[in-house]
1. Taking the Cα-to-Cβ direction at A:ARG35 and at A:GLU116 and moving 7 Å from each Cα, how far apart do the two end points lie in nm?
2. Kindly provide the Kirkwood hydrodynamic radius of the stretch A:53-99 in Å, to one decimal, from all pairs of distinct alpha carbon atoms.
3. Could you tell me the calculated FRET efficiency between A:ARG85 and A:ILE238, based on Cβ-Cβ distance and R0 = 22 angstrom, to the nearest 0.05?
4. In Å, what Rg and Dmax follow from the Cα atoms of chain B?
5. For the pair B:GLU127 and A:GLN175, what calculated FRET efficiency results from E = 1/(1 + (r/R0)^6), where r is the Cβ-Cβ distance and R0 = 51 Å, to the nearest 0.05?
6. Between A:ARG24 and B:SER238, take the C-beta separation as r, use R0 = 51 Å, and let me know the FRET efficiency to the nearest 0.05.
7. Calculate for chain A the 222 nm mean residue ellipticity that helices alone would give, adding -39,500 (n - 2.57) per DSSP H run of length 4 or more and normalising by residue count, nearest 500 deg cm²/dmol.
8. Considering only Cα-Cα distances, which of the following residue pairs are longer than 22 Å: A:LYS141/B:LYS214; A:LYS355/B:LYS214; B:LYS143/B:LYS226; A:LYS66/B:LYS214?
Amino acid sequence: MGETVVIMGGGVIGLSCAFELQRRGHQAILLEINRCGGQASGAAAGMLAPFSENVEGPDAFFHLGKESLRLYPGWRDAIRSISGRYFEYSDSGSLYIAYHEADRLALEGRLLWQREHGSSGVLLEGDELFRKEPLLSRQVKAALYTPAESHLYAPDYVEALEHACRLTGVHFHEQLGGLEVAEWRDAVVVQAKDGRRFGGDRLLVCTGAWAQELEETLGIRIPVYPIRGQICAYEAEINPVHHMVFSNQGYLVSKENGTLVCGASEDVAGFDTTVTERGIERLRNWNKQAFPFLAEQTPFHRWAGLRPSTQDGYPLLGPLEESGRVIMAAGHYRNGILLSPVTAKAVADYIDGIKLPEMMEAFAPGRFTY
Amino acid sequence: MKKDTWHIGGHELHSRFFIGTGLFPNPYVQKEAIRASGAEVLTFAIRRVNLASTEDDSILQHVEGEAFRYLPNTSGASTADEAVRIARLARASGLSDWIKVEISANERTLLPDPLETLKATEILVKEGFTVLPYTSDDPVLCKRLEEAGAAAVMPGAAPIGTGLGILNPYHIGLIVEEAKVPIIVDAGLGSAADVVQAMELGVAGVLMNTPVAKAKDPVGMAMAMKLAIEAGRLSYLSGRIAKKRYASASSGHEQFLLK
């Protein structure tokens, strides 16, 4: 017998969990105060890059990201086939570029542990590098090439995911304005602003940057902070950048629709999603150092999203200690798109009574409570 | 009571905590942790900074407008020449004329190369930099760096990022005894206990990044380290008791008895 799972939050994490639960025979009820995919999910550049996003060492977060990347091809195929919708998914690989000889040591150190953990990365320099990425600035001294990394077009992916959820029978309730958890210990009841009540066997919290609002209700510390990420895009006639290109200042990635996306300028601005001149200028100041042709161009599109970051940078993912009736999946920071398949799998596994790997303890939602 | 301040290159410092800006989970936690640490000096790798417009840098932009002194480092350099080039770039960008010389030859241990470090220190001192070399905990080497004109000498407690604590307290103690410039323990500390130990050995300050930034609660840990520095410093100044083999009653009321 399947369970009824009330999901708060219709971002990429909530949608992914709903999809996975539904296809395993549960009934997902998805509650969203605005519209699905409206926050960080739709604003993401869609990088699936656990090696480039984790440069220090193979910690639990790296393993989570790597596992999610491994799940992605199957996940992508399922969503594409069930939704009947195509979304761009490119196995472009990535280049992490360096301007100083001094960066070599850091790149070599990274290669050393990443090659032990599934990367087929190599260091490229000179002609070899510029053959791979012809328009790259000749100031770039070397780059770490990681073939295993991919990217997808996040707005289309989230839309396909939502469509797949609808077709498999997830119950959607959007534009609810506000939600309150009325009961969670013995049964789950969530009440919307208009008084409608939604009941179920479990509560799954996927409210990203807004998860902190439940601290008092659930009686645990939920240190999730919104970090504003500003992104801009250029119109590009031919595919001018062949890989995802990372530097210590940000990233660039070409999309099939003829745009070149450059992100992200991060700052602390509460829940404000205004795009600022300063934020975009910051991107323009460094990206021409990577690709000089950008000096002549003006971005045609600028936007911002709130990335839910936690106190230690890891998401809150797993059941509450007090009651397995409540499961959290929030605080994925700038890796929500990457982590969507593995998060959905972990949540559904838990509900299906499958023991989670020990590594998942690093993400226990109660870890900040003392 | 006289204020317990100290000096590097003629600059008066109140805090004894140098904090690294790297590795924090996000800009919010970074800002709050730096604030909680009370640090006046921030350190970061020059190669990670956008030198063309430092105010736009992905890390430095978050601490802009506050009265910090920057101690950029040459991490990633594997020779003296490379370190010197990086230091010149940093000064030319207007960041700071303080420089932490950091030269490692091995990407697994990141242990400093003592010969290249001495060489770079000599060159940079001649060029007018305020030089703070990060080096191994060898007392003779530390003295040689001081003689070369280092404004402070920064021996490592253990390899960078390991959190192993002070592997050779005897050496750190000797280094402090011999020194006429401030000694700052740099790298390898893990917990507040390590920090107290360093300060009790008489060092002038500590430099940390990983143990704060990678803690479960970096803001809480920054505060803990700040308090540890204060506790260790005060304990050092106040003079610990001698160790004894056997108990001696602390109540000792017999001395108050009327004879």
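Values in this text are rule-based calculations from the coordinates and carry no lab data. In this text, all values refer to a predicted model and were calculated from it rather than measured experimentally. Note: ideal-geometry Cβ built from the backbone for every residue, glycine included; neighbour counts use all protein chains shown.
1. 4.9
2. Working: mean 1/r = 0.0767 Å⁻¹.
One decimal place: 13.0 Å for the Kirkwood radius.
3. Approximately 0.25, to the nearest 0.05.
4. 19.6, 81
5. Once the sixth-power term is evaluated, E becomes 0.20.
6. Working: r = 65 Å, r/R0 = 1.27.
Efficiency for this residue pair is about 0.20.
7. Values: 10 runs with 114 residues, N = 370.
Helix-only estimate at 222 nm: -9500 deg cm²/dmol.
8. Working: A:LYS141/B:LYS214 30 Å; A:LYS355/B:LYS214 28 Å; B:LYS143/B:LYS226 28 Å; A:LYS66/B:LYS214 20 Å.
With Cα atoms farther than 22 Å apart: A:LYS141/B:LYS214; A:LYS355/B:LYS214; B:LYS143/B:LYS226.
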